[in-house]
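Novice: First the structure, which I've put down as structure tokens, then a few questions once you've had a look.
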Amino acid sequence: MDMRVIDISEIEGIKIGNAQNEQGGTGCTAIICEKGACAGVDVRGGAPASRETELLRPVNMVQQIHCIMLSGGSAYGLAAGDGAMTFLEERGVGFDVGVGIVPIVCGASLFDLVVGDPKIRPDKEMGYTACKNAFLNLPLKEGNAGAGTGAAVGKFLGVERMMKSGLGIYAARMGNIKCGAVVAVNALGDIVDIDSGKIIAGLMSEDQKKLVGTLDAMYEDIENNRNVFSGNTTIGCVITNAKLNKDQCAKLASICHNGYAMAIKPVHTSVDGDTIFVLATGEHEVAPDSLGAFATEVTARAINRAGRLAESAYGLKSSSDFE
């Protein structure tokens, strides 16, 4: 069966909105399911900043969540999730606890404090705005937008040789099954084209005139225990209309890290906080292994878009500077 590219808005029941502070070089992306969605998460990197990931363990009580908040700002940016809780509570969206409702908002943040103004970070107000924009159905920008506003890649030899990355979104369908991915790429390594193997964005040469490749630099430095830049993390959410339980969502999140590995070289280092969430709206039966392969490719292609659609900013070059 052929894979047909769709707009991610075609996945029913999901709303996505961005908010950002371009001067500060940071932002957030809200992925909302008003009716609730089964969810899972898999954190692979060694330096995560996350919110409410523990409740997504299959053994824990909550079966559905209402929002995934992806943000910049390092651990400060987790405050954007508070804005989502306020917005959703106002709309009556949440888990009924008898005396009121509690919206279930999970999230993860990436480190972008070295890009713009480190004192400007996603906060409750920005998180609220991202949710509001999702419900206004505003055009969903990629690249230097939302959680990808301050994202960068290729930092193994320091921030002086890194490049601008951003937010990537890709969605497709096979028969009745729809799958999309929203990924903010802020990796230590490079973004690699999954079809050609060429570097899209990553480590530049010392004169910033060409791409030299993080893996090559790492191999040459293998006997030197370098103190590398620790402000990295790729964070994303995979969305599907398939019927999955919590165990299956957790497994799918694990499988989708293969998409990270296809498109980021290297990935899951000790100084990356690589995290993937899964949201499943439960509309159609699916073969889980087939969905895993499908979602892996969707994830990888979203990462490629994050590299290609980023624009030069904050003194950083982008992929377009090397075309």
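The values are calculated or read from the model by the stated rules, or taken from the named source; none is laboratory data. Since the structure is predicted, the reported quantities are computational estimates derived from the model, not experimental observations. Here the Cβ is made from the backbone with ideal geometry for all residues, glycine too, and neighbour counts use every protein chain on show. Calculation scope for accessible area: heavy atoms of the full protein, side chains included, ligands and nucleic acids excluded. Shrake-Rupley method; radii C 1.70, N 1.55, O 1.52, S 1.80 Å.
Novice: Kindly list the number of the only condition in (1) open to solvent by less than 30 Å² (accessible area, probe 1.4 Å); (2) without any contact (Cβ under 8 Å) to a residue 60 or more places away in the chain; (3) among the small types (Gly, Ala, Ser) that fails for residue 261.
Specialist: Result: residue 261 fails condition (1) only.
Novice: Sort out which residues of the range 136-169 are open to solvent by less than 40 Å² (accessible area, probe 1.4 Å) and not in a loop (DSSP other than H, G, I, E, B), and write them in order of number.
Specialist: The first filter runs over the range 136-169 and keeps only residues open to solvent by less than 40 Å² (accessible area, probe 1.4 Å), leaving 142-156, 158, 162-169.
Correct list: 143, 146, 147, 148, 152, 153, 163, 164, 167, 168, 169.
Novice: Further question on the same structure: Being more than 26 Å from residue 266 (Cβ to Cβ) and buried (at least 24 other Cβ atoms within 10 Å of the Cβ) is the filter here; which residues of the range 39-55 pass it?
Specialist: Selection gives 39 alone.
Novice: Moving on to the next point. Taking the range 171-196, which residues are open to solvent by 20 Å² or more (accessible area, probe 1.4 Å) and within 16 Å of residue 257 (Cβ to Cβ)?
Specialist: 194, the sole residue that qualifies.
One line per residue, one yes/no per condition, for (1) open to solvent by 30 Å² or more (accessible area, probe 1.4 Å); (2) under 14 Å from residue 122 (Cβ atoms):
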| site | (1), (2) |
| --- | --- |
| 65 | no, no |
| 72 | no, yes |
| 75 | yes, yes |
| 80 | no, yes |
| 90 | yes, no |
| 95 | yes, no |
| 98 | yes, no |
| 101 | yes, no |
| 105 | no, yes |
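Novice: Those residues that are outside any helix (DSSP H, G or I) and under 10 Å from residue 30 (Cα atoms), I need them from the range 67-91; list them, please.
Specialist: 67, 68, 69, 70, 71
Novice: Are there any pairs, at least 6 apart or on different chains, whose C-beta atoms fall under 6 Å, with the first in the range 267-289 and over 25 Å from residue 225 (Cα atoms) and the second assigned to a loop (DSSP other than H, G, I, E, B), and if so, which?
Specialist: Correct list of pairs: 275/48; 280/244; 281/13; 282/243; 284/176; 285/243.
Novice: Related question: Can you tell me which condition residue 159 does not meet? The list is (1) farther than 26 Å from residue 214 by Cα; (2) out of contact with any helix residue (DSSP H, G or I) (no Cβ under 8 Å at 6 or more places or on another chain); (3) of a type in the set (A, V, I, L, M, F, W, C); (4) modelled with pLDDT under 95, and all the others hold.
Specialist: For residue 159, the exception is condition (1).
Novice: Please go through the range 84-114 and pick out each residue that is under 18 Å from the mean Cα position of the chain (by Cα), within 30 Å of residue 163 (Cβ to Cβ) and not acidic (Asp, Glu).
Specialist: Within the range 84-114, 106, 107, 108, 109, 110, 111, 113 qualify.
Conditions (1) surrounded by 13 or more Cβ atoms within 10 Å (Cβ to Cβ); (2) in a loop (DSSP other than H, G, I, E, B); (3) in contact with a helix residue (DSSP H, G or I) (Cβ under 7 Å, 6 or more places away or on another chain), marked per residue:
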position	(1), (2), (3)
219	no, no, no
223	no, yes, no
228	yes, yes, no
241	yes, no, no
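Novice: For the range 250-287, what are the residues that are assigned to a loop (DSSP other than H, G, I, E, B) and among the hydrophobic types (A, V, I, L, M, F, W, C)?
Specialist: 267, 271, 286, 287
Novice: Further question: May I ask you to verify whether residue 268 is open to solvent by 30 Å² or more (accessible area, probe 1.4 Å) and within 22 Å of residue 78 (Cβ to Cβ)?
Specialist: Yes.
Novice: Only residues in the range 303-323 that are over 13 Å from residue 148 (Cβ atoms) and modelled with pLDDT under 95 count as the first member; pair them with residues that are exposed (fewer than 15 other Cβ atoms within 10 Å of the Cβ) and among the small types (Gly, Ala, Ser), Cβ under 8 angstrom, at least 6 apart or cross-chain, and list the lot.
Specialist: If the second residue must be exposed (fewer than 15 other Cβ atoms within 10 Å of the Cβ) and among the small types (Gly, Ala, Ser), the pairs left are 320/312; 321/312.
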